[in-house]
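K.L.:
Have a look at this one before I ask anything.
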Amino acid sequence: MKEAPKKDKQELIHLSYNMSGKMENILSLSTNNNYNERCACFKNVSGSICEKGFAEKTVEHYPGLNANTKANLEILRSRLLTDAELQALAIEIVAALDKNGTRQFRLESFGDIANVTHARNYIRLCSAIARIDCSVLVAWWTKSPNYVVSAFNLEDEETRFWFKSVCNLILSSLFIGVPFPEKARKKIESALGMEVLVFTVEAVKPDDKRVNCGARSCLNCKRWPNA
(Lines give C-alpha, C1' and ligand atoms only; values in the text may rest on other atoms or scores of the structure.)
Protein backbone atom coordinates (compact mmCIF):
# COMPACT_ATOMS: atom_id res chain seq x y z
CA MET A 1 0.00 0.00 0.00
CA LYS A 2 1.64 3.24 -1.14
CA GLU A 3 1.54 6.17 1.23
CA ALA A 4 -0.59 9.23 0.68
CA PRO A 5 1.07 12.19 -1.10
CA LYS A 6 3.24 14.23 1.28
CA LYS A 7 0.91 17.20 1.08
CA ASP A 8 -1.86 15.05 2.58
CA LYS A 9 0.17 13.51 5.43
CA GLN A 10 -0.53 14.35 9.06
CA GLU A 11 1.81 13.58 11.94
CA LEU A 12 -0.41 12.77 14.91
CA ILE A 13 -1.76 9.27 14.13
CA HIS A 14 0.29 6.58 12.41
CA LEU A 15 -1.39 4.62 9.62
CA SER A 16 -0.12 1.15 8.75
CA TYR A 17 1.23 1.25 5.20
CA ASN A 18 3.18 -1.42 3.31
CA MET A 19 1.86 -4.36 5.28
CA SER A 20 2.61 -7.84 3.98
CA GLY A 21 1.07 -11.28 4.15
CA LYS A 22 -2.69 -11.39 4.50
CA MET A 23 -2.76 -7.59 5.08
CA GLU A 24 -1.07 -6.75 1.78
CA ASN A 25 -2.68 -3.74 0.05
CA ILE A 26 -4.83 -2.97 3.09
CA LEU A 27 -4.58 0.47 4.68
CA SER A 28 -5.16 0.27 8.40
CA LEU A 29 -5.25 2.30 11.58
CA SER A 30 -4.38 0.09 14.52
CA THR A 31 -3.42 0.18 18.17
CA ASN A 32 -1.27 -2.17 20.21
CA ASN A 33 -2.92 -5.07 22.03
CA ASN A 34 0.09 -5.45 24.35
CA TYR A 35 -0.88 -2.25 26.18
CA ASN A 36 -4.67 -2.69 26.13
CA GLU A 37 -6.04 -3.91 29.48
CA ARG A 38 -9.04 -5.68 27.97
CA CYS A 39 -6.84 -7.44 25.42
CA ALA A 40 -4.61 -8.56 28.30
CA CYS A 41 -7.64 -10.12 30.00
CA PHE A 42 -8.72 -11.89 26.82
CA LYS A 43 -5.25 -13.38 26.39
CA ASN A 44 -5.75 -15.21 29.68
CA VAL A 45 -9.02 -16.79 28.56
CA SER A 46 -8.45 -20.44 27.71
CA GLY A 47 -9.50 -21.33 24.17
CA SER A 48 -9.74 -17.72 23.02
CA ILE A 49 -8.26 -16.51 19.75
CA CYS A 50 -6.39 -13.88 21.79
CA GLU A 51 -4.61 -16.64 23.67
CA LYS A 52 -2.90 -17.64 20.40
CA GLY A 53 -1.10 -14.29 20.24
CA PHE A 54 -1.20 -13.80 16.44
CA ALA A 55 -1.42 -9.99 16.60
CA GLU A 56 0.98 -9.82 19.52
CA LYS A 57 3.67 -11.72 17.60
CA THR A 58 3.20 -9.49 14.55
CA VAL A 59 3.67 -6.16 16.32
CA GLU A 60 6.60 -7.47 18.33
CA HIS A 61 8.32 -8.65 15.14
CA TYR A 62 8.36 -5.13 13.67
CA PRO A 63 9.79 -2.46 16.04
CA GLY A 64 8.34 0.42 14.05
CA LEU A 65 4.86 -1.09 14.02
CA ASN A 66 5.11 -1.82 17.73
CA ALA A 67 6.03 1.77 18.55
CA ASN A 68 3.51 3.37 16.20
CA THR A 69 0.54 1.30 17.35
CA LYS A 70 1.45 1.94 21.00
CA ALA A 71 1.58 5.69 20.32
CA ASN A 72 -1.81 5.52 18.58
CA LEU A 73 -3.33 3.75 21.58
CA GLU A 74 -2.07 6.34 24.03
CA ILE A 75 -3.59 9.19 22.04
CA LEU A 76 -6.87 7.61 21.00
CA ARG A 77 -7.85 6.36 24.45
CA SER A 78 -6.79 9.48 26.35
CA ARG A 79 -8.68 12.29 24.58
CA LEU A 80 -11.05 13.12 21.77
CA LEU A 81 -9.30 14.24 18.62
CA THR A 82 -10.20 17.77 17.54
CA ASP A 83 -12.25 18.38 14.41
CA ALA A 84 -9.12 19.66 12.68
CA GLU A 85 -7.14 16.53 13.65
CA LEU A 86 -9.93 14.24 12.45
CA GLN A 87 -10.20 16.14 9.19
CA ALA A 88 -6.46 15.89 8.56
CA LEU A 89 -6.46 12.16 9.29
CA ALA A 90 -9.49 11.55 7.07
CA ILE A 91 -7.85 13.48 4.24
CA GLU A 92 -4.73 11.31 4.47
CA ILE A 93 -6.79 8.11 4.46
CA VAL A 94 -8.88 9.09 1.44
CA ALA A 95 -5.82 10.37 -0.44
CA ALA A 96 -3.96 7.09 0.14
CA LEU A 97 -6.94 5.04 -1.03
CA ASP A 98 -7.27 7.25 -4.12
CA LYS A 99 -3.58 6.84 -4.89
CA ASN A 100 -3.88 3.06 -4.76
CA GLY A 101 -7.27 2.77 -6.44
CA THR A 102 -8.82 0.96 -3.48
CA ARG A 103 -11.82 1.83 -1.30
CA GLN A 104 -11.26 -0.43 1.74
CA PHE A 105 -9.90 0.88 5.02
CA ARG A 106 -9.58 -1.18 8.21
CA LEU A 107 -9.80 -0.12 11.82
CA GLU A 108 -7.82 -2.38 14.15
CA SER A 109 -5.67 -5.04 12.55
CA PHE A 110 -3.54 -5.64 15.65
CA GLY A 111 -5.51 -4.39 18.65
CA ASP A 112 -8.91 -3.18 19.79
CA ILE A 113 -10.63 -0.18 21.30
CA ALA A 114 -9.62 0.40 24.92
CA ASN A 115 -12.49 2.56 26.18
CA VAL A 116 -15.42 4.77 25.16
CA THR A 117 -13.17 7.70 24.23
CA HIS A 118 -11.26 5.44 21.83
CA ALA A 119 -14.53 4.30 20.26
CA ARG A 120 -15.78 7.87 19.91
CA ASN A 121 -12.63 8.80 18.02
CA TYR A 122 -13.30 6.00 15.53
CA ILE A 123 -16.97 6.92 15.11
CA ARG A 124 -16.00 10.53 14.49
CA LEU A 125 -13.23 9.48 12.10
CA CYS A 126 -15.68 7.40 10.07
CA SER A 127 -17.98 10.40 9.94
CA ALA A 128 -15.14 12.64 8.75
CA ILE A 129 -14.18 10.14 6.04
CA ALA A 130 -17.78 9.86 4.84
CA ARG A 131 -18.10 13.62 4.48
CA ILE A 132 -15.09 13.59 2.15
CA ASP A 133 -15.88 10.41 0.20
CA CYS A 134 -18.87 8.25 1.08
CA SER A 135 -17.71 5.50 -1.31
CA VAL A 136 -14.99 4.45 1.15
CA LEU A 137 -15.71 1.21 2.99
CA VAL A 138 -14.50 1.19 6.59
CA ALA A 139 -14.35 -2.23 8.25
CA TRP A 140 -14.07 -1.98 12.02
CA TRP A 141 -13.24 -5.17 13.94
CA THR A 142 -13.88 -5.28 17.68
CA LYS A 143 -14.45 -7.61 20.61
CA SER A 144 -15.75 -4.70 22.71
CA PRO A 145 -19.10 -3.64 21.21
CA ASN A 146 -20.24 -2.21 24.57
CA TYR A 147 -17.75 0.61 24.09
CA VAL A 148 -19.09 1.22 20.57
CA VAL A 149 -22.71 1.46 21.74
CA SER A 150 -21.83 3.78 24.63
CA ALA A 151 -19.79 5.99 22.31
CA PHE A 152 -22.52 6.03 19.65
CA ASN A 153 -25.05 7.28 22.20
CA LEU A 154 -22.82 10.26 23.02
CA GLU A 155 -22.63 11.52 19.43
CA ASP A 156 -25.09 13.81 17.64
CA GLU A 157 -27.46 12.62 14.93
CA GLU A 158 -25.38 13.97 12.05
CA THR A 159 -22.23 12.21 13.22
CA ARG A 160 -24.18 8.96 13.66
CA PHE A 161 -25.65 9.25 10.16
CA TRP A 162 -22.31 9.71 8.44
CA PHE A 163 -20.69 7.01 10.57
CA LYS A 164 -23.31 4.46 9.53
CA SER A 165 -23.00 5.42 5.87
CA VAL A 166 -19.44 4.08 5.54
CA CYS A 167 -18.76 1.79 8.50
CA ASN A 168 -19.19 -1.96 8.64
CA LEU A 169 -18.93 -3.04 12.27
CA ILE A 170 -17.66 -6.61 12.64
CA LEU A 171 -17.94 -8.38 15.97
CA SER A 172 -14.86 -10.55 16.26
CA SER A 173 -15.74 -13.74 18.13
CA LEU A 174 -13.57 -14.40 21.16
CA PHE A 175 -13.44 -18.17 20.79
CA ILE A 176 -12.27 -20.21 17.80
CA GLY A 177 -15.27 -21.84 16.16
CA VAL A 178 -17.80 -20.17 18.49
CA PRO A 179 -19.70 -17.27 16.85
CA PHE A 180 -20.64 -14.17 18.78
CA PRO A 181 -24.10 -14.87 20.29
CA GLU A 182 -26.89 -14.08 17.84
CA LYS A 183 -29.17 -12.59 20.49
CA ALA A 184 -26.42 -10.20 21.58
CA ARG A 185 -25.64 -9.28 17.97
CA LYS A 186 -29.26 -8.32 17.32
CA LYS A 187 -29.34 -6.24 20.49
CA ILE A 188 -26.28 -4.30 19.27
CA GLU A 189 -27.89 -3.85 15.85
CA SER A 190 -30.97 -2.40 17.51
CA ALA A 191 -28.92 -0.03 19.63
CA LEU A 192 -26.96 1.27 16.63
CA GLY A 193 -29.72 1.12 14.04
CA MET A 194 -27.44 -0.61 11.53
CA GLU A 195 -26.41 -4.04 10.36
CA VAL A 196 -23.70 -5.62 12.48
CA LEU A 197 -21.63 -8.52 11.16
CA VAL A 198 -19.79 -11.34 12.91
CA PHE A 199 -16.41 -12.87 12.07
CA THR A 200 -15.40 -16.11 13.72
CA VAL A 201 -12.02 -17.76 13.32
CA GLU A 202 -12.54 -21.41 12.41
CA ALA A 203 -10.12 -24.33 12.39
CA VAL A 204 -9.50 -25.52 8.83
CA LYS A 205 -10.22 -29.06 10.01
CA PRO A 206 -11.21 -30.46 13.42
CA ASP A 207 -8.21 -30.39 15.76
CA ASP A 208 -6.20 -28.56 13.08
CA LYS A 209 -3.85 -25.86 14.37
CA ARG A 210 -4.39 -23.83 11.22
CA VAL A 211 -7.24 -21.31 11.05
CA ASN A 212 -9.37 -19.93 8.25
CA CYS A 213 -7.85 -16.43 8.34
CA GLY A 214 -4.24 -17.45 8.86
CA ALA A 215 -2.91 -17.17 5.32
CA ARG A 216 -5.65 -15.44 3.39
CA SER A 217 -5.55 -12.12 1.59
CA CYS A 218 -7.72 -9.79 3.66
CA LEU A 219 -8.45 -7.67 0.59
CA ASN A 220 -9.64 -10.59 -1.53
CA CYS A 221 -11.23 -12.73 1.17
CA LYS A 222 -14.95 -13.28 0.59
CA ARG A 223 -15.52 -12.61 4.29
CA TRP A 224 -14.56 -8.96 3.85
CA PRO A 225 -17.92 -7.20 4.35
CA ASN A 226 -19.66 -5.85 1.27
CA ALA A 227 -16.47 -5.81 -0.79
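K.L.:
Can you work out which of the residues in region 170-181 that are touching a residue at least 40 places away in the same chain (Cβ under 8 Å) and either under 17 Å from the mean Cα position of the chain (by Cα) or in a strand (DSSP E or B) (or both) is nearest to VAL148 (Cα to Cα)?
P.N.:
By that ranking, first place goes to ILE170.
K.L.:
Condition check: open to solvent by less than 40 Å² (accessible area, probe 1.4 Å), at pLDDT 90 or above, assigned to a helix (DSSP H, G or I) and touching a helix residue (DSSP H, G or I) at 6+ places or on another chain (Cβ under 9 Å). Does LEU73 satisfy that? Give the steps one after another, and end with the answer.
P.N.:
Numbers: open to solvent by less than 40 Å² (accessible area, probe 1.4 Å): yes; at pLDDT 90 or above: yes; assigned to a helix (DSSP H, G or I): yes; touching a helix residue (DSSP H, G or I) at 6+ places or on another chain (Cβ under 9 Å): yes.
Yes.
K.L.:
Surrounded by fewer than 23 Cβ atoms within 10 Å (Cβ to Cβ) and either within 20 Å of ALA151 (Cα to Cα) or at pLDDT 95 or above (or both): does that describe ILE113? Spell out how you get there, then give the answer.
P.N.:
On the way: surrounded by fewer than 23 Cβ atoms within 10 Å (Cβ to Cβ): no; either within 20 Å of ALA151 (Cα to Cα) or at pLDDT 95 or above (or both): yes.
No: the conditions fail for ILE113.
K.L.:
Now for a separate question. How many of the residues in region 50-70 are at pLDDT 80 or above and surrounded by 16 or more Cβ atoms within 10 Å (Cβ to Cβ)? Let's see the steps before the verdict.
P.N.:
Narrowing region 50-70 to residues at pLDDT 80 or above: 65-70.
Now narrow it down to the ones that are surrounded by 16 or more Cβ atoms within 10 Å (Cβ to Cβ): 65-66, 68-70.
Number satisfying all stated conditions: 5.
To keep it simple, each residue is scored yes or no on (1) touching a residue at least 60 places away in the same chain (Cβ under 8 Å); (2) part of a helix (DSSP H, G or I); (3) touching a strand residue (DSSP E or B) at 6+ places or on another chain (Cβ under 7 Å).
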position	(1), (2), (3)
ALA114	yes, no, no
CYS126	no, yes, yes
CYS134	no, no, no
VAL149	no, yes, no
THR159	no, yes, no
TRP162	no, yes, no
SER165	no, yes, no
ASN168	no, no, yes
LYS183	no, yes, no
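K.L.:
Which of the residues spanning region 90-108 are small (Gly, Ala, Ser) and open to solvent by 10 Å² or more (accessible area, probe 1.4 Å)? Step through it out loud before you land on a result.
P.N.:
Our first condition is that a residue be small (Gly, Ala, Ser); within region 90-108, this holds for 90, 95-96, 101.
Result: ALA95, GLY101.
K.L.:
Then there is this: Check GLN87 against each of (1) surrounded by fewer than 21 Cβ atoms within 10 Å (Cβ to Cβ); (2) under 18 Å from the mean Cα position of the chain (by Cα); (3) at pLDDT 95 or above; (4) under 22 Å from CYS167 (Cα atoms) and name the one condition it does not meet.
P.N.:
Tallying (1) surrounded by fewer than 21 Cβ atoms within 10 Å (Cβ to Cβ); (2) under 18 Å from the mean Cα position of the chain (by Cα); (3) at pLDDT 95 or above; (4) under 22 Å from CYS167 (Cα atoms), GLN87 fails exactly one: (2).
K.L.:
Has region 133-142 got any residue that is over 23 Å from ARG77 (Cβ atoms), at pLDDT 95 or above and crowded, with 17+ Cβ neighbours inside 10 Å?
P.N.:
Taking region 133-142 as the starting set, the residues that turn out to be over 23 Å from ARG77 (Cβ atoms) are 133-137.
Cutting the leftovers down to at pLDDT 95 or above gives us 133-137.
Checking the rest, the ones that are also crowded, with 17+ Cβ neighbours inside 10 Å come to 136-137.
There is at least one residue in region 133-142 that is over 23 Å from ARG77 (Cβ atoms), at pLDDT 95 or above and crowded, with 17+ Cβ neighbours inside 10 Å.
K.L.:
Ok, one more. Among (1) outside any loop (DSSP other than H, G, I, E, B); (2) touching a residue at least 24 places away in the same chain (Cβ under 8 Å), where does MET194 come up short?
P.N.:
Answer for MET194: the failing condition is (1).
K.L.:
Which numbered condition in (1) surrounded by fewer than 20 Cβ atoms within 10 Å (Cβ to Cβ); (2) touching a Ser or Thr at 6+ places or on another chain (Cβ under 8 Å); (3) within 18 Å of GLU195 (Cβ to Cβ) is the only one that LYS164 fails?
P.N.:
(2)
K.L.:
Based on what the data block shows, is ALA151 touching a His at 6+ places or on another chain (Cβ under 9 Å) and buried (at least 16 other Cβ atoms within 10 Å of the Cβ)? Before you say what the answer is, go through the steps one by one.
P.N.:
Working: touching a His at 6+ places or on another chain (Cβ under 9 Å): yes; buried (at least 16 other Cβ atoms within 10 Å of the Cβ): yes.
For ALA151, the condition - touching a His at 6+ places or on another chain (Cβ under 9 Å) and buried (at least 16 other Cβ atoms within 10 Å of the Cβ) - is met.
The values are calculated or read from the model by the stated rules, or taken from the named source; none is laboratory data. All figures in this text were calculated on a predicted structure; none of them were measured in a lab. Cβ sites come from the backbone with ideal geometry, for glycine too, and all protein chains shown count toward neighbours. Calculation scope for accessible area: heavy atoms of the full protein, side chains included, ligands and nucleic acids excluded. Shrake-Rupley method; radii C 1.70, N 1.55, O 1.52, S 1.80 Å.
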